[in-house]
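These notes are about the structure you will find just below.
The values are calculated or read from the model by the stated rules, or taken from the named source; none is laboratory data. Because the structure is predicted, anything quoted here is derived from the model rather than measured. In this analysis, Cβ positions are derived from the backbone assuming ideal geometry, glycine residues included, and neighbour counts consider all displayed protein chains. These accessible areas exclude ligands, DNA and RNA; they are computed on the full protein's heavy atoms, side chains included. Shrake-Rupley method; radii C 1.70, N 1.55, O 1.52, S 1.80 Å.
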Amino acid sequence: MDTNFTSSYNYNMNKKIIKFPSPMLKKKAKVVKRLTPEIVRLIDEMIKIMLAAPGIGLAAPQIGVLLRVIVADTGEGRWAIINPKLTEKHGAQTFVEGCLSLPGIEAPVDRASQVIVSGMDRRGEKIKIEAKGLLATVFQHEIDHLDGKVFIDRVKDPSLIKYVAFEREKREELI
Ligand code: ZN
(Lines give C-alpha, C1' and ligand atoms only; values in the text may rest on other atoms or scores of the structure.)
Protein backbone atom coordinates (compact mmCIF):
# COMPACT_ATOMS: atom_id res chain seq x y z
CA MET A 1 0.00 0.00 0.00
CA ASP A 2 1.27 3.46 -0.90
CA THR A 3 1.73 5.88 1.96
CA ASN A 4 1.94 9.60 1.31
CA PHE A 5 3.61 11.47 4.10
CA THR A 6 3.10 15.17 4.10
CA SER A 7 6.14 16.15 6.14
CA SER A 8 9.69 14.96 5.62
CA TYR A 9 10.20 14.86 9.40
CA ASN A 10 7.36 12.39 9.80
CA TYR A 11 8.67 10.43 6.84
CA ASN A 12 12.11 10.02 8.41
CA MET A 13 10.65 8.95 11.72
CA ASN A 14 8.33 6.47 10.06
CA LYS A 15 11.23 4.87 8.24
CA LYS A 16 12.46 3.67 11.61
CA ILE A 17 9.29 1.73 12.30
CA ILE A 18 9.46 -1.93 11.33
CA LYS A 19 6.53 -2.88 9.15
CA PHE A 20 4.52 -6.10 9.00
CA PRO A 21 5.26 -8.83 7.92
CA SER A 22 8.87 -8.40 9.12
CA PRO A 23 9.97 -11.48 11.13
CA MET A 24 11.11 -9.02 13.83
CA LEU A 25 7.46 -8.51 14.78
CA LYS A 26 7.05 -12.24 15.46
CA LYS A 27 9.92 -12.48 17.95
CA LYS A 28 9.67 -12.53 21.71
CA ALA A 29 11.45 -9.58 23.32
CA LYS A 30 13.94 -10.10 26.14
CA VAL A 31 13.62 -8.93 29.73
CA VAL A 32 15.69 -5.83 30.54
CA LYS A 33 18.08 -6.98 33.24
CA ARG A 34 19.62 -3.67 34.18
CA LEU A 35 18.61 -0.07 33.72
CA THR A 36 21.43 1.55 31.74
CA PRO A 37 21.78 4.93 30.00
CA GLU A 38 21.14 3.04 26.73
CA ILE A 39 17.70 2.00 27.97
CA VAL A 40 16.88 5.59 28.92
CA ARG A 41 18.03 6.71 25.46
CA LEU A 42 15.90 3.98 23.89
CA ILE A 43 12.85 5.27 25.78
CA ASP A 44 13.53 8.85 24.62
CA GLU A 45 13.88 7.67 21.02
CA MET A 46 10.69 5.61 21.23
CA ILE A 47 8.71 8.56 22.58
CA LYS A 48 10.07 10.79 19.81
CA ILE A 49 9.13 8.28 17.13
CA MET A 50 5.68 7.63 18.65
CA LEU A 51 4.83 11.34 18.81
CA ALA A 52 6.16 12.06 15.31
CA ALA A 53 4.28 9.19 13.66
CA PRO A 54 1.86 10.19 15.27
CA GLY A 55 0.88 7.26 17.44
CA ILE A 56 -0.36 6.64 20.95
CA GLY A 57 1.85 3.67 21.79
CA LEU A 58 5.02 1.93 20.68
CA ALA A 59 6.92 -1.20 21.65
CA ALA A 60 10.71 -1.53 21.29
CA PRO A 61 10.53 -4.42 18.76
CA GLN A 62 8.71 -2.03 16.41
CA ILE A 63 11.97 -0.13 16.00
CA GLY A 64 14.05 -3.29 15.85
CA VAL A 65 15.06 -3.55 19.50
CA LEU A 66 14.09 -6.90 21.05
CA LEU A 67 13.73 -5.66 24.61
CA ARG A 68 10.67 -5.48 26.84
CA VAL A 69 10.07 -1.72 26.75
CA ILE A 70 6.85 0.08 25.83
CA VAL A 71 5.72 3.69 25.70
CA ALA A 72 2.20 5.09 25.54
CA ASP A 73 0.49 8.45 25.45
CA THR A 74 -3.25 8.54 24.91
CA GLY A 75 -3.45 12.22 25.81
CA GLU A 76 -3.82 11.63 29.54
CA GLY A 77 -0.21 11.29 30.56
CA ARG A 78 2.86 9.65 29.10
CA TRP A 79 4.07 6.24 30.14
CA ALA A 80 7.34 4.40 29.62
CA ILE A 81 7.39 0.93 31.13
CA ILE A 82 10.32 -1.44 31.32
CA ASN A 83 9.44 -5.14 31.63
CA PRO A 84 5.68 -4.48 31.70
CA LYS A 85 3.54 -7.29 32.99
CA LEU A 86 -0.24 -7.59 32.98
CA THR A 87 -0.90 -8.57 36.56
CA GLU A 88 -4.68 -8.17 36.48
CA LYS A 89 -7.33 -8.16 33.75
CA HIS A 90 -11.03 -7.47 34.17
CA GLY A 91 -14.03 -6.84 31.95
CA ALA A 92 -14.23 -6.64 28.20
CA GLN A 93 -14.19 -3.94 25.56
CA THR A 94 -13.69 -3.61 21.85
CA PHE A 95 -11.72 -0.86 20.14
CA VAL A 96 -11.01 -0.52 16.45
CA GLU A 97 -7.23 -0.77 16.51
CA GLY A 98 -4.52 0.24 14.15
CA CYS A 99 -0.77 -0.18 14.39
CA LEU A 100 2.22 1.86 13.24
CA SER A 101 3.70 -1.42 11.97
CA LEU A 102 0.61 -2.20 9.88
CA PRO A 103 -0.19 1.13 8.21
CA GLY A 104 -3.54 1.23 6.47
CA ILE A 105 -5.07 -1.67 8.37
CA GLU A 106 -7.62 -1.53 11.15
CA ALA A 107 -9.87 -4.02 12.91
CA PRO A 108 -11.95 -4.36 16.06
CA VAL A 109 -10.14 -6.24 18.82
CA ASP A 110 -11.71 -7.61 22.01
CA ARG A 111 -9.58 -7.04 25.09
CA ALA A 112 -9.90 -6.57 28.85
CA SER A 113 -11.41 -3.21 29.78
CA GLN A 114 -9.43 -2.79 33.01
CA VAL A 115 -5.88 -3.89 33.62
CA ILE A 116 -3.11 -3.50 36.12
CA VAL A 117 0.33 -3.29 34.57
CA SER A 118 3.41 -3.57 36.74
CA GLY A 119 6.98 -2.91 35.72
CA MET A 120 9.77 -0.38 36.12
CA ASP A 121 9.94 3.27 35.13
CA ARG A 122 12.85 5.10 33.53
CA ARG A 123 14.37 5.87 36.94
CA GLY A 124 14.36 2.23 37.93
CA GLU A 125 11.40 2.57 40.30
CA LYS A 126 8.83 -0.18 40.49
CA ILE A 127 5.50 0.98 39.13
CA LYS A 128 1.97 -0.36 39.07
CA ILE A 129 -0.52 1.32 36.77
CA GLU A 130 -4.27 0.84 36.77
CA ALA A 131 -5.65 1.49 33.32
CA LYS A 132 -9.06 1.36 31.73
CA GLY A 133 -10.61 2.26 28.40
CA LEU A 134 -8.27 3.20 25.57
CA LEU A 135 -5.12 3.13 27.75
CA ALA A 136 -5.93 -0.44 28.86
CA THR A 137 -6.21 -1.47 25.20
CA VAL A 138 -2.95 0.30 24.32
CA PHE A 139 -1.05 -1.45 27.12
CA GLN A 140 -2.38 -4.85 26.02
CA HIS A 141 -1.58 -4.09 22.36
CA GLU A 142 2.00 -3.05 23.21
CA ILE A 143 2.65 -5.99 25.55
CA ASP A 144 1.45 -8.26 22.72
CA HIS A 145 4.23 -6.78 20.55
CA LEU A 146 6.75 -7.91 23.19
CA ASP A 147 5.40 -11.43 22.80
CA GLY A 148 5.60 -11.40 19.01
CA LYS A 149 1.91 -10.75 18.43
CA VAL A 150 0.25 -8.12 16.28
CA PHE A 151 -3.35 -7.03 16.67
CA ILE A 152 -4.64 -8.84 13.59
CA ASP A 153 -3.57 -12.10 15.29
CA ARG A 154 -6.41 -11.39 17.73
CA VAL A 155 -9.08 -10.73 15.13
CA LYS A 156 -11.28 -13.79 14.98
CA ASP A 157 -13.12 -12.95 11.78
CA PRO A 158 -10.75 -11.84 8.97
CA SER A 159 -13.64 -10.10 7.20
CA LEU A 160 -13.52 -7.49 9.99
CA ILE A 161 -10.04 -6.40 8.91
CA LYS A 162 -10.39 -3.15 6.98
CA TYR A 163 -7.89 -1.69 4.58
CA VAL A 164 -8.02 2.07 4.88
CA ALA A 165 -5.93 4.95 3.65
CA PHE A 166 -3.07 5.72 6.03
CA GLU A 167 -3.72 9.45 5.91
CA ARG A 168 -7.00 9.91 7.71
CA GLU A 169 -8.41 11.65 10.71
CA LYS A 170 -8.10 8.55 12.90
CA ARG A 171 -4.35 8.33 12.46
CA GLU A 172 -3.66 9.49 15.99
CA GLU A 173 -5.18 6.27 17.20
CA LEU A 174 -2.44 4.17 15.68
CA ILE A 175 -0.57 2.13 18.23
ZN1 ZN B 1 1.21 -1.91 17.26
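Across the chain, the mean sequence separation of Cα contacts (distance under 8 Å, 6 or more residues apart), normalised by length, yields a relative contact order of 26 percent. For the stretch 23-174, what class follows from the C-alpha gyration tensor (a ≥ b ≥ c being the square roots of its eigenvalues): rounded when a/c is under 1.5, otherwise prolate if a/b is larger than b/c, else oblate? It comes out prolate by the Cα gyration axes.
To the nearest 20 debye, what is the magnitude of the charge dipole of the chain about its Cα centre, counting +1 on the Cβ of each Lys and Arg and -1 on the Cβ of each Asp and Glu?
Numbers: 28 positive and 22 negative charges, 149 e Å.
Here the chain has a charge dipole of around 720 debye.
Here is the P(r) of the stretch 73-114: all C-alpha pair distances, binned every 5 Å from 0, give 6, 16, 14, 25, 30, 9, 0 in whole percents. Protein heavy-atom accessible surface, 1.4 Å probe, per residue over the stretch 25-115: 45 Å².
If DNA, RNA and ligands are ignored and the probe is 1.4 Å, what is the ranking of Glu88, Glu45, Glu97 by accessible area, most exposed first? Mind showing how you got there, number by number?
Numbers: Glu88 80, Glu45 55, Glu97 5 Å².
Per-residue accessible area, sorted high to low, gives Glu88, Glu45, Glu97.
Give me the percent of accessible area attributable to carbon and sulfur for the chain, probe 1.4 angstrom. Present the calculation step by step, with values, prior to reporting the outcome.
Details: 4820 of 9060 Å².
Answer for the chain is 53 percent, counting heavy atoms of protein chains only.
Between Ser159 and Val40, the FRET efficiency from the beta-carbon distance, with R0 = 35 Å, is close to 0.20. From helices alone, the chain scores -7000 deg cm²/dmol at 222 nm; the rule is -39500 (n - 2.57) for each run of n ≥ 4 DSSP H residues, then divide by the residue total.
Calculate the translational D of the stretch 99-138 in whole µm² s⁻¹ from Stokes-Einstein, where the hydrodynamic radius comes from the Kirkwood formula applied to all Cα pairs, the temperature is 4 °C and the viscosity 1.567 mPa s.
Numbers: Rh = 12.2 Å.
In µm²/s, the coefficient is 107.
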